[in-house]
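Working notes, beginning with the structure itself.
The values are calculated or read from the model by the stated rules, or taken from the named source; none is laboratory data. These figures come from a predicted structure and were not determined experimentally. Backbone-built Cβ (ideal geometry, glycine too); neighbour counts: all protein chains shown.
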Amino acid sequence: MIKLELQSVDIAYGHNMVVKDLNFEVMPGEMVGLIGPNGSGKSTIIKAISRVITLCSGKIMLDGKDVFKMPRGDLARSLGVVPQMSILPSAFTAFEVVLMGRNPHLGLLQYEGERDFTITWRAMEMTATHSLAQRKVGELSGGEIQRIVIARVLTQEPKSILLDEPTANLDIRHQVDILDLIKNLCLENNLMVVIALHDLNLAAQYCDRLILINNGQVHAQGTPEEVITSQNMKEVYGADSCVYAHPVNGLPAVLVKAGNSHHAKPRSMIQGGIV
Amino acid sequence: MTLNQLKPSSMVQSMPIHFPRWRRRIYSIIGLLIALIGVVAVATAIGSVHIPFLTTFRSLLSQLPLVDITSGLSSTTETIIMEIRLPRVILAGLVGAALALAGAAYQGLFRNPLADPYLIGVAQGASLGAVVGFILPINWHGMGFGIIPILAFAGAIISVAIVYSLARVGKTLPVTTLILAGVALGALWGSIVSYLIITSGEKMHGILFWLMGSFALSQWSEVKVVLPYIVVGVAVILIYSRSLNIMQLNEEQAQQLGVNVEKVKLILLAAATLITAAAVSFVGTIGFVGILVPHAVRLVWGPDYRFLLPLSVLSGAIFLILADLVARTALAPTEIPIGVITAVCGAPFFLYLLRRKKRVVFF
């Protein structure tokens, strides 16, 4: 059973501390959402877990092993990452890009075999991208590219998946498509999923547990009901927001109201014709 | 998780055959290999002294082990073929292969279609070394060649080493800093070279001829020196072709897919620099091969580096052997600098490919 543990993690860019004394755990089969304002350190945490940036102090343990002491190939076999903006080499076909997920399973001089093709094709079926297999990725839409990248992560056959804003730039239908897909994968395969999300409503709908990050520290964690409260929203986002229960499933939903940030001018002034 | 255990989706569709495209590329590699052997034979047969094709082929075959043919040639003809033409053809092939492969590797490494083997100061460093060699009053012929190739090689390697140490940030090597440091240092070397040329007096002609590249003085001793560098460098680059594919994603994603990006960058940079330096040190900074051949290969066979790299090696060799053939026969007995031929013959062909496939993304 794979378990992720962050133990008093500090991360800095230069002298600028971005993450301070961060602790949390994620269990297998659990879908955990990282939420928090821009610049709170969500992406940084994802990058640190996937060992793209280094820590100042602290430890990140995956399955009892220190992530920073594992060979990169081993890490890539147990952990897959869907980045925020996937820049894909436009001349490669979708199939070729998904096939790249087999890299950590292949030796330096080894070529992909029948098994690798089957796994790749399976992953493309699961993400409904198999009809795009021979298309060049430069010709695909944002939603299609995101699904291709998820297929590539599945092709790695990881036990855990990190996603950094996988639904940014997607319309509502594609957001739901992607998150349903990830949720199902998590449930059916007992995967550990850590997902950074901006959209609090989506986070509340899909995640078993939320971790609210503010200024590089855990502000609150727990079930969506425990984390998404008017109090927490006010403290972290600094805006008066209204938290309601979702009419269908009762999960918390956040609705915003215009003109209640500290930048807001009295409504009468705007109507008064400054523009 | 193994995907084999996953529930197949409702839209199960059997996997289409993806191999034909791969098979086409493998056939292309074999085809180009045969073409290369043919081109070597033809280029050896053609020259200012007329020797019939069949005689040349028999002479070449008689040199191979396990072949029992006596060439039955006069010793003069034998000398022309074996000591003058063949080393020249083989050196042209080696240099073409090295430059094309280094160009493809740099383009992949920098994810930049404008990259060529000379981008980070190899050529300017080699030129400076060579020009210093021309000017210094040294008459050393220790290994069957003079001081110039040695200084050119040293200049190229030292130049890239300086660029590398300037561009390094901590434990990483950002590609943009590398390119900028290379371009800046290259400009510095270039201006010193220009100054030295102007003040070089009667040596100016020799220097300019070297800078444009020439195979006129090729000998076996040079082939023997260049061959090991190029064979080792080519092998190393080919081994890392899958990593190069994955690095096209971007460095972060490549790391997340298990590629040790910094290590691969360093290895590829060292190997590509080594083969470029070895290639230019004897024959001068021949332009256009390193940028044109990989793009032409990309346009025809696609961007997959596992095929792009070997196909570039073969196409580069064929292209430069043919270019050298034109250089020495078109205006015989005058030799045209090969850099002129590579551009004059290569550019129109490349533009034709570009026009024909203009609607296709290829990089």
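Laid out as a table, the results:
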quantity	calculated
Per-region count, the range A:138-151, residues facing chain B (nearest Cβ under 10 Å) and buried (at least 24 other Cβ atoms within 10 Å of the Cβ)	1
Any hit, the range A:28-47, residues being more than 9 Å from chain B (Cβ to nearest Cβ), over 25 Å from A:Ala151 (Cβ atoms) and in contact with a Leu (Cβ under 7 Å, 6 or more places away or on another chain)	yes
Qualifying position, being more than 9 Å from every other protein chain (Cβ to nearest Cβ) and in contact (Cβ under 8 Å) with a residue 12 or more places away in the chain, among A:Phe95, A:Phe68	A:Phe68
Only one of B:Phe282, B:Phe319 that is within 16 Å of B:Gly103 (Cβ to Cβ), part of a helix (DSSP H, G or I) and within 17 Å of the chain's Cα centre (by Cα)	B:Phe319
Matching residues in the range B:47-77 - criterion: being modelled with pLDDT of 75 or more and surrounded by 15 or more Cβ atoms within 10 Å (Cβ to Cβ)	B:Gly47, B:Ile51, B:Thr55, B:Thr56, B:Phe57, B:Arg58, B:Ser59, B:Leu60, B:Ser62, B:Thr77
Tally, over the range A:115-131, of residues that are more than 8 Å from every other protein chain (Cβ to nearest Cβ) and either buried (at least 23 other Cβ atoms within 10 Å of the Cβ) or under 19 Å from A:Leu179 (Cβ atoms) (or both)	4
Qualifying residue in the range A:163-173 (condition: in a helix (DSSP H, G or I) and either of a type outside the set (A, V, I, L, M) or under 26 Å from A:Leu62 (Cβ atoms) (or both))	yes
Residue that is surrounded by the fewest Cβ atoms within 10 Å (Cβ to Cβ) [pool: residues in the range B:241-272 that are aliphatic (A, V, I, L, M) and part of a loop (DSSP other than H, G, I, E, B)]	B:Leu249
Count of residues meeting criterion [in contact (Cβ under 8 Å) with a residue 40 or more places away in the chain, of a type outside the set (Lys, Arg) and either surrounded by fewer than 20 Cβ atoms within 10 Å (Cβ to Cβ) or more than 7 Å from chain B (Cβ to nearest Cβ) (or both)] in the range A:71-84	5
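Quick grid of which residues meet (1) surrounded by fewer than 23 Cβ atoms within 10 Å (Cβ to Cβ); (2) within 14 Å of chain B (Cβ to nearest Cβ); (3) free of Cβ contacts under 8 Å to residues at least 40 places away in the same chain; (4) under 30 Å from A:Phe95 (Cβ atoms):
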| site | (1), (2), (3), (4) |
| --- | --- |
| A:Val153 | no, yes, no, yes |
| A:Lys159 | yes, yes, no, yes |
| A:Leu162 | no, yes, no, yes |
| A:Leu170 | yes, no, yes, yes |
| A:Asn189 | yes, yes, yes, yes |
| A:Ile213 | no, no, no, no |
| A:Glu225 | yes, no, yes, no |
| A:Asp240 | yes, no, yes, no |
| A:His246 | yes, no, no, no |
